[in-house]
Amino acid sequence: MSEQSKWNGVPDWLAPGVSNRSLLGDLSKSFRCPSCQLQLEFSSSYLSCPNSHRFEYRDGYLDASIAPTDARTVKTFESFGYEWNTFDDMREEDKEFWNSYTTGVPFTNLQSKIGLDAGCGKGRYSRFLSSHVGLLVALDGSSSVVSAARNLNSLGNVVVIKGDLRNVPFADETFNFIMSLGVLHHLDNPYEGFTKLVNLLRPDGMLFLYLYSAPEGRGIRQVGLAAAREMRRVTTRLPFKFLRALCLPLAAILRVLLVIPGEIGDRRKIAKLSSLPLTTYRTKSFRSLWLDTFDRLSAPIEHRYRWPELQSWFDQAGLNVESVREDAGWYFTLRKDVPLDKS
Ligand SMILES: [Zn+2]
């Protein structure tokens, strides 16, 4: 028996850590060239299309990326590549973030299904999603895939791929479950990215999204976001290493002014203090606050959303809102309609 047929048509070099070669075989039929959309074929050590575009597996991930040409995408990928390759460690408390993000998300009947984490970064949340699905593609356009590969490849059901979610190496309707947490709002045109994800979703598939929310009314959060917006005019131009160092004292100030008073408010039941923002960080390490301070001040593009705008996105895409939650950001689970002729 040849190596190819033994592995259901998938050569062993592709995702060597993945044990379910049958699901990988299913996925492999959906590989498409991100340059010309033709089907990708396996060869001895790479994937290629009839137009000779070639994509190689190395350092634990499949590189299906096409070098971006617009300056803002280049900067965005550089920013997140730097972020996730310096804050690259997996931390215990990530599970607490995950649990709070996924309250009410139905991860049922996905054990034999294929999922996508679109914008996986270092794989912080991919590892939790991977336990709910049969096979997970962890995708990112930045060099963070180096950290993701290191963090995820031992899990046995994750394929790490470098590629832009607007230009993925897959056919439409490939995935049963797509997660994209804190990603689309960093694109120049988030709606374009959103529609690409919807196209990748199978009918009846589920999309789990987190997007920044626009501040309503007036309060400390609004003042803080306005201040951050002003700071970003400068900070998005600073060298990453310098900004990372600068965010250390900034995070310390946030901790002293907001997080610690909030903790005291919670303990002594003082409503005024309890209602301070950054509640999440009261139970998290200082490092998480430092990381998120960098995250908010480094990425060149940031969009924020109100409900009516998102509602029109979902209506136009034929998505049914199964759950929505606003907690310093929007959390949605969305179900894709089954076309009438398929139901
Ligand atoms: Zn091609």
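What follows draws every value from the coordinates through simple rules; no lab data is involved. Computed from a prediction, not measured in an experiment: that's the story for all the values here. Positions of Cβ are backbone-derived with ideal geometry, glycine not excepted, and every protein chain shown enters the neighbour counts.
Summary table below
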| quantity | calculated |
| --- | --- |
| Relative packing of 168-174, 53-59, which averages over residues the other C-beta atoms within 10 Å, highest first | 168-174, 53-59 |
| Computed magnitude of the charge dipole of the chain (debye, nearest 20; Cβ of K, R +1, Cβ of D, E -1) | 1080 debye |
| Peptides ranked, highest mean first, by Cβ atoms within 10 Å: ranges 249-258, 229-238 | 249-258, 229-238 |
| Amide proton proximity set for S35, modelled H, under 5 Å, gap of 5+ | none |
| Between the range 272-343 and the range 62-124, the Cα center-to-center distance that results, in Å | 14 Å |
| Average silhouette area of the chain, convex hull of alpha-carbon atoms, in square nanometres | 18.5 nm² |
| Leading residue at positive end of dipole, the range 88-184 (Cβ point charges), from F97, G156, V146 | G156 |
| Peptide ranges 120-133, 198-211 listed from the most packed, as the mean C-beta count within 10 angstrom indicates | 120-133, 198-211 |
| Long-range amide H partners of V160 with built H, under 5 Å | L62, A138 |
| Long-range HN-HN contacts of I178 with modeled amide H, under 5 Å | L116, M206, L207, F208 |
| Rounded to whole Hz, the Karplus (6.51, -1.76, 1.60) HN-Hα couplings of the range 232-241, x for glycine and proline | 4, 4, 9, 5, 6, 9, 7, x, 4, 5 |
| Largest-first principal axis extents, alpha carbons of the range 168-284, Å | 52, 38, 28 |
| For the range 160-170, 3J(HN,Hα) per residue [Karplus equation, 6.51 cos²θ - 1.76 cosθ + 1.60, θ = phi - 60°, Hz, x = Gly/Pro] | 9, 10, 8, x, 7, 5, 7, 8, 7, x, 9 |
| Space enclosed by the convex hull of the alpha-carbon atoms of the range 220-298, per residue, Å³ | 71 Å³ |
| Extreme residue, positive dipole direction of the chain, given options N320, A71, S43 (C-beta unit charges) | A71 |
